[in-house]
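S.K.: Before anything else, here's the structure in question.
The values are calculated or read from the model by the stated rules, or taken from the named source; none is laboratory data. As the structure is a prediction and not an experimental result, all values here were calculated from the model. Positions of Cβ are backbone-derived with ideal geometry, glycine not excepted, and every protein chain shown enters the neighbour counts. Surface accessibility is based on the protein's heavy atoms, side chains included, excluding ligands, DNA and RNA. Shrake-Rupley method; radii C 1.70, N 1.55, O 1.52, S 1.80 Å.
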Amino acid sequence: MDDKPNPGTLSENSERLFSFGVIADIQYADLEDGYNFQGNRRRYYRHSLLHLQGAIEDWNKESSTPCCVLQLGDLIDGYNAQYKASEKSLEVVMNAFKMLEVPVHHIWGNHEFYNFSRDYLTNSKLNTKFLEDQIVHHPETMPSENYYAYHFVPFPKFRFILLDAYDLSVLGIDQSSPKYQQCMKILREHNPNVELNSPQGLSEPHFVQFNGGFSQEQLNWLNDVLTFSDTHQEKVVIVSHLPIYPDSFNSVCLAWNYRDALAVMWSHQCVVGFFAGHTHDGGYSQDPFGVHHVNLEGVIETAPDSQAFGTVHVYPDKMILKGRGRVPDRIMNFKKEASFHF
């Protein structure tokens, strides 16, 4: 896989169908630069807003205007809660998005839940379920209100599915609720550490508090939507804050029950890509079923003289990620029809 393809090598008769923007882990806060919890990675809290504004300017100027932008979660940093600046910082970033000339679809990450409750987010501008498509006569493809997920079709025969990777989580929910108790039990069974954000000594290091998982209800819904897409010969891109494929990056940042999500996805023919954030370093791998797993580099750890976003151009036989700054270019060919049958 060529990480830096030369657009000039593309077939001239390959017709571009549509494009979409991707950006992850902006984590804005009105603070001086700082470091991650380990103290070994610089974070540019204030400058992340300028990176976002630069990305928006770039998308607005592109000759092939993206149909939408996927914001892959962690829009503002958890430090905002400590300084009681959550709502103000969210407003600042959402005002920046007002300059974007196309719709933006928001994913919820762990930093959303450091700042806000799930109920708050459901009633906020970070809830973009109003952009969903509803499939008439197929009620099983309607997501439940119990999790934040939906699907939409930006181009005929091409469906996007946004997943809620914190559907199972101890973040953002009332500690007296049965769901909190259930999720804490899952976490404690796999993580005996006093500090639940620490993967130290764990055989399954992704069972940490800053990750989460997918309820069986949400996985059943995903299975129903993918069944519909298989039947109607659609291609599908799945979007989540948390990655689900271990080979695409270090395994600490995986969803708790990533194996369950993979099992659902791999039981269908239609999925061509899975986009996630959370890792900050980024990563890429193509799994045995031909699905391209792209973990986008995080804006928060991007120096002022660089950038971290991209535009994905979709063709009948491939997707081409044109990255900026830290985000590398990628050519992602779709699996051949023959490979659908294992």
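S.K.: Note down all Cβ pairs under 8 Å where the first residue falls in segment 201-216 and is without any contact (Cβ under 8 Å) to a residue 24 or more places away in the chain, the second is open to solvent by 10 Å² or more (accessible area, probe 1.4 Å) and assigned to a loop (DSSP other than H, G, I, E, B), and they're at least six residues apart or on different chains.
M.R.: If the second residue must be open to solvent by 10 Å² or more (accessible area, probe 1.4 Å) and assigned to a loop (DSSP other than H, G, I, E, B), the pairs left are Gly201/Asn193; Leu202/Asn193.
S.K.: Now for a separate question. Only one residue in Ser198, Ser215 is within 21 Å of the chain's Cα centre (by Cα) and either hydroxyl-bearing (Ser, Thr, Tyr) or farther than 22 Å from Lys84 by Cα (or both). Which one?
M.R.: One residue alone meets the criteria, Ser215.
S.K.: Okay, next question. Which residue, of Asp305, Asp317, Asp281, is acidic (Asp, Glu), free of Cβ contacts under 8 Å to residues at least 24 places away in the same chain and open to solvent by 40 Å² or more (accessible area, probe 1.4 Å)? Please lay out each step first, then the result.
M.R.: Numbers: Asp317 fails: free of Cβ contacts under 8 Å to residues at least 24 places away in the same chain; Asp281 fails: free of Cβ contacts under 8 Å to residues at least 24 places away in the same chain.
Exactly one residue qualifies, and that residue is Asp305.
S.K.: Still on this structure, I have one more. Can you find a residue that is in a loop (DSSP other than H, G, I, E, B), surrounded by fewer than 24 Cβ atoms within 10 Å (Cβ to Cβ) and modelled with pLDDT under 95 anywhere in segment 224-233?
M.R.: Checked segment 224-233: no residue is in a loop (DSSP other than H, G, I, E, B), surrounded by fewer than 24 Cβ atoms within 10 Å (Cβ to Cβ) and modelled with pLDDT under 95.
S.K.: Take the residues in segment 14-28 that are in a loop (DSSP other than H, G, I, E, B) and more than 17 Å from the chain's Cα centre (by Cα), then tell me which one is farthest from Ser89 (Cα to Cα).
M.R.: Just the residues of segment 14-28 that are in a loop (DSSP other than H, G, I, E, B), to begin with: 14-17, 24-27.
Those still in the list that are more than 17 Å from the chain's Cα centre (by Cα) too: 14-17.
Working: Ser14: 43, Glu15: 41, Arg16: 37, Leu17: 36 Å.
The qualifying residue farthest from Ser89 (Cα to Cα) is Ser14.
S.K.: To continue, here is another question. Among the residues of segment 146-173, write down those that are touching a helix residue (DSSP H, G or I) at 6+ places or on another chain (Cβ under 7 Å) and either open to solvent by 60 Å² or more (accessible area, probe 1.4 Å) or part of a strand (DSSP E or B) (or both).
M.R.: Asn146, Tyr150, His151, Phe152, Arg159, Ile161, Leu168
S.K.: State all residues of segment 86-129 that are open to solvent by less than 20 Å² (accessible area, probe 1.4 Å), touching a residue at least 40 places away in the same chain (Cβ under 8 Å) and assigned to a loop (DSSP other than H, G, I, E, B); if no residue qualifies, say none.
M.R.: Leu100, Ile107, Trp108, Gly109, Phe116, Leu126
S.K.: Can you name every one of the strands (runs of 3 or more DSSP E) wholly within segment 242-342 that holds 1 or more residues which are under 16 Å from Phe160 (Cβ atoms), at pLDDT 95 or above and within 14 Å of the chain's Cα centre (by Cα)?
M.R.: Values: elements: 271-276, 283-286, 292-295, 308-315, 318-325, 330-333.
Per the criteria, 271-276, 292-295, 308-315.
S.K.: Residue by residue through segment 174-214, note down the ones that are closer than 22 Å to His278 by Cβ, surrounded by fewer than 17 Cβ atoms within 10 Å (Cβ to Cβ) and touching a strand residue (DSSP E or B) at 6+ places or on another chain (Cβ under 9 Å).
M.R.: Across segment 174-214, the qualifying residue is only Lys179.
S.K.: While we're here: For residues that are surrounded by 17 or more Cβ atoms within 10 Å (Cβ to Cβ) and not hydroxyl-bearing (Ser, Thr, Tyr), tally how many sit in segment 136-145.
M.R.: The qualifying residues number 1.
S.K.: Something else: Give segment 227-244 a look and list any residue that's touching a helix residue (DSSP H, G or I) at 6+ places or on another chain (Cβ under 7 Å) and free of Cβ contacts under 8 Å to residues at least 60 places away in the same chain, or say none.
M.R.: Pro243, Ile244
S.K.: Here's a follow-up. Looking at segment 35-85, which of its residues are in a loop (DSSP other than H, G, I, E, B), over 19 Å from His280 (Cα atoms) and open to solvent by 20 Å² or more (accessible area, probe 1.4 Å)?
M.R.: Glu62, Ser63, Ser64, Thr65, Cys67, Tyr83, Lys84, Ala85
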